[in-house]
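The values are calculated or read from the model by the stated rules, or taken from the named source; none is laboratory data. If you're wondering where the values come from, they're calculated on a predicted model, not measured in any experiment. Note: ideal-geometry Cβ built from the backbone for every residue, glycine included; neighbour counts use all protein chains shown. Note: accessible area is taken over every heavy atom of the protein model, side chains too, but ligands, DNA and RNA are not part of it. Shrake-Rupley method; radii C 1.70, N 1.55, O 1.52, S 1.80 Å.
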Amino acid sequence: MFSGAQLSLYPMCDDFVAVILNAVDALEPYRPRFRIETDDVSTLIVGPPEEIFPAMRDLFASAAQSGVHCVLSAAVSRGCPGEPDDDICTPSADFGIAAPLEERIAAAREAVSKASVTGVQVAAQFSLYPLGGSHHMDEIYGCIDFLKSSGVFEKSKNFCTKLRGDAGPVFATLSEAFLRFGAPNGHVALDLTVSSNSPTKVG
């Protein structure tokens, strides 16, 4: 398996370099288990699929705690057939991807209910793309059922779903959507935008 994310962090302030560099320190605990590469556009993190969203949560929450408007944009993928298998991406547990859909929805709900609270409020919108399976719409509808009962669901939008709440449950919900829905041996991609401290009125 190959799993990882290309992500970019955008603090909306003059001193954006300091905000980014301070936030990058939050990735240090993950470095032994991840391959991390940065260029002038984005940062690639490759590693166990269940640790991708916790790493992004810690990075983003650290930046948002500065109080400035911050945005995270990420393309997340697991099982891409165009990438070579990588031992570093081996999951530490079986997330029941082959289990019946109702069992996966229940397991995802339970996992989110145990998510830690960060004190950072975020809004997120994302789209999930379960590829390589003949029943991809069943997976999408199952994921939507889970999202609506996650406690952080705000609304459905054109082409995406919007979440709002503390960064802990929001990123846990995103992680469960990524881990538990899609064909067992298929390619799953997720497109994500997260915002915190926005000056725009909620609505």
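The table below gives the values:
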{"item": "Residue match in the range 50-67 (condition: in contact (Cβ under 8 Å) with a residue 60 or more places away in the chain, farther than 30 Å from GLY142 by Cα, more than 19 Å from the chain's Cα centre (by Cα) and open to solvent by 40 Å² or more (accessible area, probe 1.4 Å))", "result": "yes"}
{"item": "Verdict on LYS162 being surrounded by fewer than 16 Cβ atoms within 10 Å (Cβ to Cβ) and either assigned to a loop (DSSP other than H, G, I, E, B) or in contact with a Ser or Thr (Cβ under 9 Å, 6 or more places away or on another chain) (or both)", "result": "no"}
{"item": "First in the range 102-117 and within 14 Å of GLU50 (Cβ to Cβ), second anywhere and polar (S, T, N, Q) and surrounded by 15 or more Cβ atoms within 10 Å (Cβ to Cβ), Cβ under 6 Å, 6 or more apart", "result": "VAL112/SER150; VAL112/THR173"}
{"item": "Selection from the range 86-99 of residues that are surrounded by 10 or more Cβ atoms within 10 Å (Cβ to Cβ) and not small (Gly, Ala, Ser)", "result": "ASP86, ILE88, CYS89, THR90, PRO91, PHE95, ILE97"}
{"item": "Leading residue by the ranking (nearest to VAL194 (Cα to Cα)) among those in the range 9-62 that are in a helix (DSSP H, G or I) and of a type in the set (Gly, Ala, Ser)", "result": "ALA61"}
{"item": "Hits in the range 100-113 (condition: loosely packed, with under 14 Cβ neighbours inside 10 Å and under 30 Å from PRO199 (Cα atoms))", "result": "SER113"}
{"item": "Cross-chain or 6+ apart pairs with Cβ under 7 Å, the range 80-97 first and on the phi > 0 side of the Ramachandran plot, then modelled with pLDDT of 85 or more and surrounded by fewer than 16 Cβ atoms within 10 Å (Cβ to Cβ)", "result": "GLY96/GLU103"}
{"item": "Search result, residues across the range 187-203 that are touching a Pro at 6+ places or on another chain (Cβ under 8 Å) and open to solvent by 10 Å² or more (accessible area, probe 1.4 Å)", "result": "HIS187"}
{"item": "Filter result for GLY165 (over 16 Å from the mean Cα position of the chain (by Cα) and under 17 Å from SER62 (Cα atoms))", "result": "no"}
{"item": "Subset of the range 66-108 (residues that are polar (S, T, N, Q), modelled with pLDDT under 90 and in contact with a helix residue (DSSP H, G or I) (Cβ under 8 Å, 6 or more places away or on another chain))", "result": "SER92"}
